[in-house]
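Enquirer: Below is a structure I'd like to ask you about.
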Amino acid sequence: MNIKLQTANVHLIEVKLRNEFNDGEGTTALALLREQGLSSLKEVRTGRLYEISGSLSATQANQAGRDILCDAVTQEFRLVPSSPSRMNGMNFWRVEVWLKPTVSDPVGATVVEAIVEGGLPRPTAARCAMLYLLNGRAVKAHIEKAVAKSLANPLIHDIIVTEAHP
Amino acid sequence: MSQLAETTQDNLPILGKSAKELRALGNARHLSLSDVEWAAIQAYFKTLKREPSLAELETIAQTWSEHCKHKTFTSPIRYTEGKKTRKIKNLFQETIVAATAAVKKPWCLSLFKDNAGVVAFGKKWALAFKVETHNHPSALEPYGGAATGVGGVVRDILGVGLGAKPVLNTDTFCFGRPDWKGSLPEGSHHPMRTMRGVIGGVRDYGNRMGIPTAGGGIWFDDDYRLNPLVFCGTVGIMPQWAVKKAVKPGDLIVAVGGRTGRDGLHGATFSSANLGADAPSSAVQIGHAIQEKRVLDALLAARDKKLYGSVTDCGAGGFSSAIGELGADCGARVRLENAPLKVSDLDSWEIWLSESQERMVLAVPPKSLKALEAEFAAEGCELAVLGEFTKTGRLEVLHHERTIVELDMKFLHKGLPRVERTATWSAPASSKPSGGVDKKIAEAIREMVGHLNVCSREWVIRQYDHEVQGGMIVKPLQGVRHDGPGDACVVWPHAATGDMDDFACFAVGHGLNPDYGRIDPYWMAMAGVDEALRNLTCVGADPARAALLDNFCWASPEDPKQLGGLIRAAEGCRDAAKGFSAPFISGKDSMFNQSKDEKGKDLPIPGTLLISAVAPVPDGRKAVTMDFKGPGNALYLIGRTNDELGGSLYYRVLGRSGGDVPKVSPAAALNGFKSLHAAINRGLVLSAHDLSEGGLALCAAEMGFSGEFGCLLDLDECPHDPRIYSNKTLLFSESPSRILVEVKPENESAFLRHFGKSAKSAIVRRVGQTTANPILKVTGLEGSTILEEPLKELKEAWQATLPRIIG
């Protein structure tokens, strides 16, 4: 008997509100971060990240992003490369807030079921995260501290701060 | 010989170890066991001639935790009050249970033994009510902690009897001021963040499950800044035949709902310790409301087909607690490898102790298993057979043929050594008011109406769905613009009963005032019961059919003064229950609510007691709201005003301390409540509102600006202690048992007839009338106008506070 082992893929799907729409969550996040001393921030836009593990191909991951995770009218999505390119300058920051691996992720569990109901192969796991795109001058350490005090709880969250494309 | 004796790799040697070594072991594993408890465990395993396994120690620790065994309330106490010392054998039995037994209400169907208290609701139905606290988890992770607080109390209702359908969630919180400007210890959340997270968690879990959230309140005090209190309540309705449950040997142990993960480990033992920076992150749970909704739907369908004999929820301690409790009278054999897992790398003890949410355990006759599987499969809900109940009297847990627990149920549930504690109470040295700066009446009332403990909660209430299920006939926000502060909510549970011709409803009210407890916890408890009952009476509920719940939140009971205050509060509950002839049907205590503050000093919360009450409203169509309904109507004040400003909002605003705390006379109060209830039932009352924080002045202001009519009040007409010569005392005293009532002129005689002799003895008196001009106008004792305040401005001040702070 031939057994074909399939390599597990991990796709990171980013879903954001389109720029022409007002981002209420982003406005709230901006206020909270300013309260923590990031007064030079000009804007915060928000989104969701979904890390889908399993046997989905890139095409199938695209389909999941388009048909299941994204509202085609107000949102846009993309598959994020595994190593986001780093930018020079300090005006644009990308903040990801992930639940720690030991913490249950009910939304991720729902995403797994939704992907199956969408006719795609069952992922082995799905985890989701909040994404904050910050526009304004700040230093990384200050952002990490401010996010830990306002948008995340270090007890249950991992915070990833990177320089980002505008 | 036990199989465990041969399995040494999981054993945790304790025999021969010193108390110090055992303490260190307990601290390292967050077991929260005392020296005496360790000694009892050592002695037990010495008789077994073997060491315990890790799973056994964890099982014992969680079963004996404060959370599960309520050790403070059930252990002997040497209590000194003033110069007298006496022994209390069991505080719970001698206060709460004794009072309930004394009032003997045949409509109480299940008391203290199940997951919630149950009372009859008509001839066919029963109401189950439970209020839980989720304080420690909410301090660590406000959103997740509060959400799982709701999830947990909803499961209590699903796990009472054979399961009730949740028809109402309540929420009461105590927070530090959200605009706290001082520093905080590392790792703690700012009170603003705690408040936002807690409210968000309650909102999201309740709304997603389709359960209306109404009732409750918020109390702000800086001493809660590190230890917020989160009281989550649920009322459920069930057929009376479903109140009883029974486990039979041979029944299958069936787990339903969520999968088991590493979340929530040590939740029970964690709540038996002071909150500190070393709290385990594993104690935090994340809820999944949709999963619990599936469990709810499948379980109630299975209940109606009588497919199981008993059910309970997996709360603190997880399977260990749920299966241990269900099998306490017979025995249980568990095979953990059958449990559906979230992750594959869990240790045996972790599966056994995990507090993963949304799980229930059922006792199922083997012949019903197939039908039960079909019901849960229809809702997309997992089900697993974990073993069977036995008649061995032993708890046996295996994992892949390896025994990890083998304990006598008797030792587990009755082996907890009872340790005598010491408690002291001394009445405050002086009751004379002192300090503070006097304010003019108008200035004081403006400040009081915007005070955090009085101001509008609309920002919070609007986040909750209180309309789902379509039965909220008296809503939390009332008045012509649906924004006035209601006394209690009234629910018509037709969605659960399916009977649109039966207008029987129920109301839920609360009472809480920690400021009274700072002076005397006894009177705090009495006032709490009084407030809950008068809130119910105001909306048309029957105070003679009210059932009470107690939720004590206290600092460390190892401090004799703290424990003394707790005893005073419990004795207040006892006397209030007897005096009002209202039984306690359920309750909960949460101890060790204290932390090290920013300077490293202990910061205990003020002793806090939440009284919740539920009572039937015979005909929901006659329910009453609190807003004035028109001009020219008579205003009657029920109850007598005394010089009782101790712990009042007025003194807080002035910065004054001392004074006499409000004192309740239950017999007189109950007469007034019953008379008012009869008058409401006859349709003679247009509006009614209780006098609480801020006294008569704030009560009249709230009724006025909610109905957009003014009023004239004459303080000389208020039934009051003749020794009072101060207008401010009459306006702001917080004497309990008082209600302001609006009555049409043509109904005044009929209204007064319901008060019988008491009307003549000045317990109820006409004190003014409503006016078209929306102004609060008050005539003082000397006959001149002492206050003339536009209600629009008072309302603006009342509404502005939270939005201004939240931004």
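The values are calculated or read from the model by the stated rules, or taken from the named source; none is laboratory data. Quantities reported herein were computed from a predicted structural model and do not represent experimental measurements. Every residue, glycine among them, receives a Cβ derived from its backbone with ideal geometry; neighbour counts consider all protein chains shown.
Enquirer: So which of B:Leu300, B:Leu296 is buried (at least 19 other Cβ atoms within 10 Å of the Cβ), away from chain A (no Cβ under 14 Å), within 15 Å of B:Gly258 (Cα to Cα) and under 26 Å from the mean Cα position of the chain (by Cα)?
Expert: Matching residue, one of B:Leu300, B:Leu296: B:Leu296.
Enquirer: Does B:Lys113 satisfy the criteria of being free of Cβ contacts under 8 Å to residues at least 12 places away in the same chain and assigned to a loop (DSSP other than H, G, I, E, B)?
Expert: yes
Enquirer: Next question, about the same structure. Scanning region A:104-117 for residues that are touching a residue at least 24 places away in the same chain (Cβ under 8 Å) and closer than 13 Å to A:Glu51 by Cα, which turns out nearest to the other protein chains (Cβ to nearest Cβ)?
Expert: Among residues in region A:104-117 that are touching a residue at least 24 places away in the same chain (Cβ under 8 Å) and closer than 13 Å to A:Glu51 by Cα, the one nearest to the other protein chains (Cβ to nearest Cβ) is A:Gly108.
Enquirer: Which strands (runs of 3 or more DSSP E) sit wholly inside region A:88-163 and have at least 1 residues that are among the acidic types (Asp, Glu) and either under 13 Å from the mean Cα position of the chain (by Cα) or buried (at least 20 other Cβ atoms within 10 Å of the Cβ) (or both)?
Expert: Those strands (runs of 3 or more DSSP E) span A:92-99, A:157-163.
Enquirer: Right, next: Among B:Thr403, B:Thr392, which is the only one that is away from chain A (no Cβ under 14 Å), polar (S, T, N, Q), closer than 30 Å to B:Tyr44 by Cα and buried (at least 16 other Cβ atoms within 10 Å of the Cβ)?
Expert: B:Thr403
Enquirer: The conditions are (1) surrounded by 16 or more Cβ atoms within 10 Å (Cβ to Cβ); (2) without any contact (Cβ under 8 Å) to a residue 40 or more places away in the chain; (3) within 14 Å of chain A (Cβ to nearest Cβ), and B:Ser344 fails exactly one of them. Which is it?
Expert: Condition (1) is where B:Ser344 drops out.
Enquirer: From the set of residues in region B:50-95 that are closer than 15 Å to B:Arg568 by Cα and β-branched (Val, Ile, Thr), which is surrounded by the fewest Cβ atoms within 10 Å (Cβ to Cβ)?
Expert: B:Thr85
Enquirer: Where in region B:631-744 are there strands (runs of 3 or more DSSP E), lying wholly inside it, with at least 1 residues that are farther than 22 Å from B:Val454 by Cα?
Expert: Passing ranges, in order: B:634-638, B:710-714, B:739-743.
Enquirer: Right, another one. Would a scan of region B:445-452 turn up a residue that is outside the structural domain of B:Val778 (by TED's automatic domain parsing), in contact (Cβ under 8 Å) with a residue 24 or more places away in the chain, over 27 Å from B:Asp35 (Cβ atoms) and among the small types (Gly, Ala, Ser)?
Expert: yes
Enquirer: Right, next: Against the condition at pLDDT below 90 and either closer than 21 Å to B:Ile60 by Cα or within 14 Å of chain A (Cβ to nearest Cβ) (or both), how does B:Val334 come out, does it pass?
Expert: Considered against the rule, which asks whether it is at pLDDT below 90 and either closer than 21 Å to B:Ile60 by Cα or within 14 Å of chain A (Cβ to nearest Cβ) (or both), B:Val334 comes out as no.
Enquirer: Condition test on B:Cys68, is it closer than 24 Å to B:Thr403 by Cβ and under 22 Å from the mean Cα position of the chain (by Cα)?
Expert: Criteria met by B:Cys68.
Enquirer: Go over the candidates B:Gly122, B:Gly182 one by one and state the one that is more than 26 Å from B:Val454 (Cβ to Cβ), away from chain A (no Cβ under 14 Å) and among the small types (Gly, Ala, Ser).
Expert: Sole residue among the options that is more than 26 Å from B:Val454 (Cβ to Cβ), away from chain A (no Cβ under 14 Å) and among the small types (Gly, Ala, Ser): B:Gly122.
Enquirer: I'd like the residue in region B:304-316 that is out of contact with any strand residue (DSSP E or B) (no Cβ under 8 Å at 6 or more places or on another chain) and within 18 Å of B:Ala116 (Cα to Cα) and, out of all such residues, is surrounded by the most Cβ atoms within 10 Å (Cβ to Cβ).
Expert: Of everything passing the filter in region B:304-316, B:Gly315 is surrounded by the most Cβ atoms within 10 Å (Cβ to Cβ).
Enquirer: Now for a separate question. Among residues belonging to region B:141-177 that are at pLDDT 95 or above and assigned to a loop (DSSP other than H, G, I, E, B), point out the one that is surrounded by the fewest Cβ atoms within 10 Å (Cβ to Cβ).
Expert: Among residues in region B:141-177 that are at pLDDT 95 or above and assigned to a loop (DSSP other than H, G, I, E, B), the one surrounded by the fewest Cβ atoms within 10 Å (Cβ to Cβ) is B:Arg177.
Enquirer: Going by what's in this entry, would B:Phe705 be described as touching a Leu at 6+ places or on another chain (Cβ under 6 Å) and aromatic (Phe, Trp, Tyr)?
Expert: Yes; evaluated as a whole, the condition is true for this residue.
Enquirer: Just the residues that are farther than 19 Å from B:Gly324 by Cβ and assigned to a loop (DSSP other than H, G, I, E, B), please, taken from region B:334-345.
Expert: Within region B:334-345, B:Pro340, B:Lys342, B:Val343, B:Ser344, B:Asp345 qualify.
Enquirer: Could you please find all residues in region B:88-103 being without any contact (Cβ under 8 Å) to a residue 60 or more places away in the chain and charged (D, E, K, R)?
Expert: Listed by number, the list holds a single entry, B:Lys89.
Enquirer: Could you check, for region B:414-424, whether at least one of its residues is closer than 30 Å to B:Leu645 by Cα, under 33 Å from the mean Cα position of the chain (by Cα) and not in a helix (DSSP H, G or I)?
Expert: Checked region B:414-424: at least one residue is closer than 30 Å to B:Leu645 by Cα, under 33 Å from the mean Cα position of the chain (by Cα) and not in a helix (DSSP H, G or I).
Here's the yes/no breakdown for (1) within 14 Å of chain B (Cβ to nearest Cβ); (2) closer than 18 Å to A:Leu12 by Cα:
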position: A:Thr102; (1), (2): yes, no
position: A:Gly119; (1), (2): no, no
position: A:Ala126; (1), (2): yes, yes
position: A:Arg137; (1), (2): no, no
position: A:His142; (1), (2): no, no
position: A:Ser150; (1), (2): yes, no
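Enquirer: It is to be established whether one or more residues within region B:524-547 are of a type in the set (Asp, Glu), in contact (Cβ under 8 Å) with a residue 40 or more places away in the chain, outside any strand (DSSP E or B) and surrounded by 23 or more Cβ atoms within 10 Å (Cβ to Cβ).
Expert: For region B:524-547, residues of a type in the set (Asp, Glu), in contact (Cβ under 8 Å) with a residue 40 or more places away in the chain, outside any strand (DSSP E or B) and surrounded by 23 or more Cβ atoms within 10 Å (Cβ to Cβ): present.
Enquirer: Would you mind finding the one in B:Gly415, B:Gly380, B:Gly387 that is among the small types (Gly, Ala, Ser), under 29 Å from B:Ile157 (Cα atoms) and within 14 Å of chain A (Cβ to nearest Cβ)?
Expert: Matching residue, one of B:Gly415, B:Gly380, B:Gly387: B:Gly380.
Enquirer: If B:Met209 meets every condition in (1) within 14 Å of another protein chain (Cβ to nearest Cβ); (2) of a type in the set (A, V, I, L, M, F, W, C); (3) over 20 Å from B:Val508 (Cβ atoms) apart from one, which number is that one?
Expert: The number of the failed condition is (3).
Enquirer: Continuing with the same structure: Which one of these does B:Gly257 not meet: (1) within 14 Å of chain A (Cβ to nearest Cβ); (2) buried (at least 24 other Cβ atoms within 10 Å of the Cβ); (3) modelled with pLDDT under 90?
Expert: With respect to (1) within 14 Å of chain A (Cβ to nearest Cβ); (2) buried (at least 24 other Cβ atoms within 10 Å of the Cβ); (3) modelled with pLDDT under 90, B:Gly257 is out only on (3).
Enquirer: Residue check: is B:Cys314 touching a Pro at 6+ places or on another chain (Cβ under 7 Å) and either under 23 Å from B:Ile404 (Cβ atoms) or of a type in the set (Val, Ile, Thr) (or both)?
Expert: No: the conditions fail for B:Cys314.
Enquirer: Checking the conditions here, which among B:Arg225, B:Arg177 is away from every other protein chain (no Cβ under 14 Å), farther than 16 Å from B:Arg457 by Cβ, of a type in the set (Lys, Arg) and in contact (Cβ under 8 Å) with a residue 40 or more places away in the chain?
Expert: B:Arg225
Enquirer: Let me ask another. Which one of B:Gly144, B:Gly217, B:Gly233 is of a type outside the set (A, V, I, L, M) and either more than 29 Å from B:His451 (Cα to Cα) or out of contact with any strand residue (DSSP E or B) (no Cβ under 7 Å at 6 or more places or on another chain) (or both)?
Expert: Criteria check complete, one pass: B:Gly144.
Enquirer: What's the number of the condition B:Ser321 fails, among (1) part of a helix (DSSP H, G or I); (2) modelled with pLDDT of 90 or more; (3) touching a helix residue (DSSP H, G or I) at 6+ places or on another chain (Cβ under 9 Å); (4) under 25 Å from B:Gly161 (Cβ atoms)?
Expert: Tallying (1) part of a helix (DSSP H, G or I); (2) modelled with pLDDT of 90 or more; (3) touching a helix residue (DSSP H, G or I) at 6+ places or on another chain (Cβ under 9 Å); (4) under 25 Å from B:Gly161 (Cβ atoms), B:Ser321 fails exactly one: (2).
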